[in-house]
């Protein structure tokens with residue numbers, strides 16, 4: 001059994017499984033990966049401690065805060081509340097309330113602000129979702145943050161369709177890579193492998 005077989009067993013997407021074939025060992029792949037959404041999904045599906053997972057998802061969601069309207073504090077508060085839950089300082093009910101407040105703040109904002117709100121909500125949702133849902137929520141925190149950046153750059157270049165497409169794609173790639181670095185600060189390859197070793 002190869003380490004890549006674990007990806008298949010956990011129902012990773014075909015793109016991730018194909019990408020993984022380029023790496024002989026999992027630690028090498030973990031170090032090289034530039035998709036924070038894949039990494040958070042895998043961490044959750046591999047049984048990494050929920051509080052560690054939430055801290056990593058919050059770190060990724062924080063990258064979307066720069067797209068939040070000036071003076072709007074609810075998304076930041078939601079992230080901080082989820083982080084405080086991970087440190088044992090608040091209840092899950094407080095996390096849920098803060099997440100809903102952040103999400104409701106963006107019903108009338110531009111698309112990139114909506115993605116920012118989604119990133120925040122997803123990071124908080126990872127704290128209390130069922131295991132399978134937590135995996136997708138954690139991954140979506142990174143995904144939404146990346147698309148917040150893409151939408152912003154696309155809007156800036158909207159006068160030229162080709163430039164808009166290029167700028168958006170570039171912003172998404174950079175955001176995913178940035179989130180991957182953030183995930184590695186919280187979650188190691190050894191944590192993932194430890195989960196695989198459990199019956």
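The values are calculated or read from the model by the stated rules, or taken from the named source; none is laboratory data. Quantities reported herein were computed from a predicted structural model and do not represent experimental measurements. Counting neighbours? That spans all protein chains shown, and the Cβs are built from the backbone with ideal geometry, glycine included.
Go over the candidates 35, 76 one by one and state the one that is surrounded by fewer than 20 Cβ atoms within 10 Å (Cβ to Cβ) and under 30 Å from residue 103 (Cα atoms).
On the way: 35 fails: surrounded by fewer than 20 Cβ atoms within 10 Å (Cβ to Cβ).
Only one candidate qualifies: 76.
Selection over the range 4-28 of residues that are under 20 Å from residue 183 (Cα atoms) and either assigned to a loop (DSSP other than H, G, I, E, B) or in contact (Cβ under 8 Å) with a residue 40 or more places away in the chain (or both) gives a count of 8.
Here residue 41 meets each of (1) surrounded by fewer than 22 Cβ atoms within 10 Å (Cβ to Cβ); (2) within 17 Å of residue 133 (Cβ to Cβ) with one exception, condition (1).
The helices (runs of 4 or more DSSP H) found wholly in the range 62-155 and carrying at least 2 residues that are out of contact with any strand residue (DSSP E or B) (no Cβ under 6 Å at 6 or more places or on another chain), closer than 27 Å to residue 174 by Cβ and modelled with pLDDT of 85 or more occupy 74-86, 111-128. Anything in the range 168-199 that is under 16 Å from the mean Cα position of the chain (by Cα) and farther than 17 Å from residue 139 by Cα? List them, or say none. Answer for the range 168-199, where residues must be under 16 Å from the mean Cα position of the chain (by Cα) and farther than 17 Å from residue 139 by Cα: just 171. Restricting the range 1-28 to residues that are over 21 Å from residue 198 (Cα atoms) and under 18 Å from the mean Cα position of the chain (by Cα) leaves a set whose member that is surrounded by the most Cβ atoms within 10 Å (Cβ to Cβ) is 16.
Do we find that residue 44 is assigned to a helix (DSSP H, G or I) and either modelled with pLDDT of 95 or more or more than 20 Å from the chain's Cα centre (by Cα) (or both) in this structure?
Answer is no for this residue.
Restricting attention to the range 47-60, the residues being over 11 Å from the mean Cα position of the chain (by Cα) and either surrounded by fewer than 21 Cβ atoms within 10 Å (Cβ to Cβ) or in a helix (DSSP H, G or I) (or both) number 5.
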